[in-house]
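In what follows, a single structure is set out as structure tokens and then discussed.
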Amino acid sequence: MSSHHSEKAAHLHRELHSHLPPDPALRLKALETVLVRKGFLAEHAVDDWLDDYSENVGPMNGARVIARAWTDPDFAERLADDSPAAFHALIPTIDKGYPIVAVFNGPQVHNLIVCTLCSCYPLGVLGMSPSWYKSVEYRARAVRDPRGVLAEFGTTLPPGVDVRVWDSTSDRRYMVVPERPRGTDGWSEEALAALVTRNSMIGTVRDLSPVADGS
Ligand code: FE
């Protein structure tokens, strides 16, 4: 590129920046406005999508399924054998073909989910993924040093507990079923579901307690 052209390109770049708001949220709004004006996006599509994911599709879908599995051994067995069918039975809006696999924690086993390639995540059952899940650091270290990653989340595994790391793909996503917390005998499914945190379903938190871990 000649120096004249590169100066012109730099000028254009500055010009563009001077018209775009510096705040990422405002930039996004500007982009959304352009897409709507050009007819690529329906007017309320983004708001509807965000409402749907924050109100209907959030981590409560996973939590409800886990609470049912804790209280109903037949359901737990079905969840282990055919996770999509069990999800669909409890939450009909989740498709029977949803590529979800429930992996169960136990006294000697702890499960952790990652997507080493990109950011595959069971959006339909856990809602939006946390930003750290998509970070290069988490994706690399969850496999190389899962115990170190867990420690950073405040989770220390008792000796003798094996860690299984599950690498998600676009056609196979995982959800961890944590162990039922002690001291919850006789609790309703609703109360149990409220104990299940997003991070416990990713596997970065192991012990749930009747006091929520605030994650
Ligand atoms: Fe991915």
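Those residues that are at pLDDT below 95, surrounded by fewer than 20 Cβ atoms within 10 Å (Cβ to Cβ) and touching a helix residue (DSSP H, G or I) at 6+ places or on another chain (Cβ under 6 Å), I need them from the range 93-106; list them, please.
96, 98
In this structure, does residue 109 turn out to be surrounded by fewer than 18 Cβ atoms within 10 Å (Cβ to Cβ) and within 16 Å of the ligand (Cβ to nearest atom)?
Judged against the criteria, residue 109 is not a match.
Being within 16 Å of the ligand (Cβ to nearest atom), in contact with a helix residue (DSSP H, G or I) (Cβ under 9 Å, 6 or more places away or on another chain) and either closer than 21 Å to residue 184 by Cα or in the same structural domain as residue 194 (by TED's automatic domain parsing) (or both) narrows it down to one of 90, 79, 126, so name that one.
126
If the requirement is being within 25 Å of residue 157 (Cα to Cα), away from the ligand (no atom under 16 Å from the Cβ) and not small (Gly, Ala, Ser), which of these qualifies: 136, 103, 114?
103
Specify which of the listed residues (167, 185, 171) is more than 17 Å from the chain's Cα centre (by Cα) and acidic (Asp, Glu).
Exactly one residue qualifies, and that residue is 185.
Only one of 143, 125 is outside any loop (DSSP other than H, G, I, E, B) and open to solvent by 50 Å² or more (accessible area, probe 1.4 Å). Can you tell me which?
Going through 143, 125 in turn, just one is outside any loop (DSSP other than H, G, I, E, B) and open to solvent by 50 Å² or more (accessible area, probe 1.4 Å): 143.
The values are calculated or read from the model by the stated rules, or taken from the named source; none is laboratory data. Quick caveat, the model's predicted, so the values are computed rather than measured. Positions of Cβ are generated from backbone atoms using ideal geometry, with glycine treated the same way; all protein chains shown enter the neighbour counts. Accessible surface is based on the protein model in full, side chains and every heavy atom, while ligands, DNA and RNA are left aside. Shrake-Rupley method; radii C 1.70, N 1.55, O 1.52, S 1.80 Å.
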